[in-house]
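> Before we start, here is the structure in question, set down as structure tokens.
The values are calculated or read from the model by the stated rules, or taken from the named source; none is laboratory data. In this text the structure is predicted, and so the values were computed from the model without any measurement. A quick note on method: Cβ atoms are made from the backbone with ideal geometry, for glycine too, and the neighbour counts reach across all protein chains shown.
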Amino acid sequence: MSENAMDKPSGDIIKTPFYDFHVEASAKMVAFAGFHMPVQYEGITAEHLAVRENVGLFDLSHMGEFEVSGSDAQSFLEKTTTNKVAALEPGQIQYSCMVYPDGGIVDDLLVYRLQDSYMLVVNAANTKKDFDWLSSHIEGDVKLVDCSLDLGLLAIQGPNAHRVMAELTDVDLDSMAYYTSAVAKVGGEEVLFSRTGYTGEDGFELYIPSEVCTRIFRAVTDAGEKYDMKLIGLGARDSLRLEMKMALYGNDIDSSTSPVEAGLSWIVDFDKEFIGREEVARQKAEKPTRRLVCLELDGRAFPRKGYSIFLNDKPVGKVTSGTFSPSLQRPIALGYVPRKLARSGTQVQIEIRNRRFDAQVVKPPFYKKGSHR
């Protein structure tokens, strides 16, 4: 059975539980995935560097969360996700994805193993699609509940995230491994929190019941004031994840790309049966015709999604994401190219506003000094 909390009228834009705080901080607000979200406060570059060098706070309440329970929950998730769910102990988290029978990606997601259930964290724009897709594959004793609108989500990210979090909880953070979670008091309220992130830096995510979101936000910002923690918008979140070659659904991965093409074979367990396994295994064995690669450019002009990649005046691929890297002070991009061009050091060109700029394939990630543990 399944229960969908996403029952908002079509076309309505939702305010996150922290909306008033963003407005008070003079954030530039945009409509994103059906939510009013802050894209920037002081500016993308300043916010990006604050996370790389110190600590920042993100509102990620637009993300989707599903609870999966029942005696058949594990077998259901083994069938619908690519990674090995059985390997998870309570408190552990894994990065995974869901694929269609033709090998295209439904979505990438996090799978949380809780004490008596699982939680899936999915991309905001895919919440309804993912819920419907999962619902269509339920068999046996499985309860799927969309709790996205019942939770606020804050992420504390940066080299000093540990210090801020230590002000908020008595949990022994030194013994808390990367990609694990705990249920404990944070800022005086019991919440589920985890140690993951989408920035390459150390960080924590707080899944907060709606009724205590205001209280927790104030506690977190009060704790962060001691370390000059900055509020961070979606703009810097995108540039931070791109520096780490972390895929963005809708840009770098989608229903037309496979995990093998995107360099995500490491989250696929080929020893189990899952929807789409046959096609993904075939691509792995035969090698895909294209690969997602990291590209660095000279100068300051940077490409955006859809810009063409050339070799010897012949178009050979498309950029999927691009920005000017605040950390590296140069343009960077992700894009798909033929497999024979995916080797590091390969020289290509990218067309930006009718001019061709030299680019080089480099090993991921672009930024190699992240503090994540």
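> Residue check, Val106 against (1) surrounded by 18 or more Cβ atoms within 10 Å (Cβ to Cβ); (2) over 29 Å from Phe32 (Cα atoms), all met but one. Which one?
That leaves (2) as the condition not met.
> Right, another one. Can you work out which of the residues in the range 273-297 that are part of a loop (DSSP other than H, G, I, E, B) and touching a helix residue (DSSP H, G or I) at 6+ places or on another chain (Cβ under 9 Å) is nearest to Gln347 (Cα to Cα)? Please lay out each step first, then the result.
Residues of the range 273-297 part of a loop (DSSP other than H, G, I, E, B): 273-276, 287-289.
Remaining after also requiring touching a helix residue (DSSP H, G or I) at 6+ places or on another chain (Cβ under 9 Å): 273-275, 287-289.
Numbers: Glu273: 39, Phe274: 38, Ile275: 37, Lys287: 22, Pro288: 20, Thr289: 18 Å.
It comes out as Thr289.
> Just checking, how many residues over the range 317-329 are in a loop (DSSP other than H, G, I, E, B) and either under 20 Å from Gly263 (Cβ atoms) or touching a residue at least 12 places away in the same chain (Cβ under 8 Å) (or both)?
Qualifying residue count, the range 317-329: 3.
> Among residues belonging to the range 103-119 that are farther than 17 Å from Ile275 by Cα and of a type outside the set (Asp, Glu), point out the one that is farthest from the chain's Cα centre (by Cα).
Among residues in the range 103-119 that are farther than 17 Å from Ile275 by Cα and of a type outside the set (Asp, Glu), the one farthest from the chain's Cα centre (by Cα) is Gln115.
> Does Ala301 satisfy the criteria of being in a strand (DSSP E or B) and outside the structural domain of Tyr198 (by TED's automatic domain parsing)?
Numbers: in a strand (DSSP E or B): no; outside the structural domain of Tyr198 (by TED's automatic domain parsing): yes.
No: the conditions fail for Ala301.
> Please go through the range 147-172 and pick out each residue that is over 16 Å from the mean Cα position of the chain (by Cα) and polar (S, T, N, Q).
Asn160, Thr169
> Six or more apart or on different chains, Cβ atoms under 8 Å: show the pairs whose first residue is in the range 244-267 and part of a helix (DSSP H, G or I) and whose second is among the basic types (Lys, Arg).
Listed pairs, sorted by first residue: Ser265/Lys284.
> Within the range 65-82, can you find the residues that are out of contact with any Gly (no Cβ under 9 Å at 6 or more places or on another chain), farther than 21 Å from Leu153 by Cα and crowded, with 23+ Cβ neighbours inside 10 Å?
Correct list: Leu77, Thr80, Thr81.
> Hey, which of the strands (runs of 3 or more DSSP E) in the range 15-64, taking only ones fully inside, have at least 2 residues that are at pLDDT 95 or above and more than 21 Å from Gly158 (Cα to Cα)? Give the derivation first.
Values: elements: 28-32, 35-40, 56-59.
Because the criterion is at least 2 residues that are at pLDDT 95 or above and more than 21 Å from Gly158 (Cα to Cα), the strands (runs of 3 or more DSSP E) in the range 15-64 that meet it are 28-32, 35-40.
> From the list Lys368, Lys340, Lys314, pick out the single residue that is free of Cβ contacts under 8 Å to residues at least 40 places away in the same chain, under 24 Å from Ile44 (Cα atoms) and surrounded by fewer than 16 Cβ atoms within 10 Å (Cβ to Cβ).
On the way: Lys340 fails: under 24 Å from Ile44 (Cα atoms); Lys314 fails: under 24 Å from Ile44 (Cα atoms).
Residue meeting the stated conditions: Lys368.
> Name every residue in the range 72-99 that is over 18 Å from Arg277 (Cα atoms) and small (Gly, Ala, Ser), in order of residue number.
Let us first name the residues in the range 72-99 that are over 18 Å from Arg277 (Cα atoms), namely 72-73, 87-94.
Ala73, Ala87, Gly91, listed by residue number.
> If only one of Ser256, Ser265 is at pLDDT 95 or above, in contact with a Gly (Cβ under 7 Å, 6 or more places away or on another chain), over 30 Å from Glu167 (Cα atoms) and not assigned by TED's automatic domain parsing to the domain that holds Ala25, which one is it? I'd like the intermediate steps shown before the answer.
Values: Ser265 fails: in contact with a Gly (Cβ under 7 Å, 6 or more places away or on another chain).
It is Ser256.
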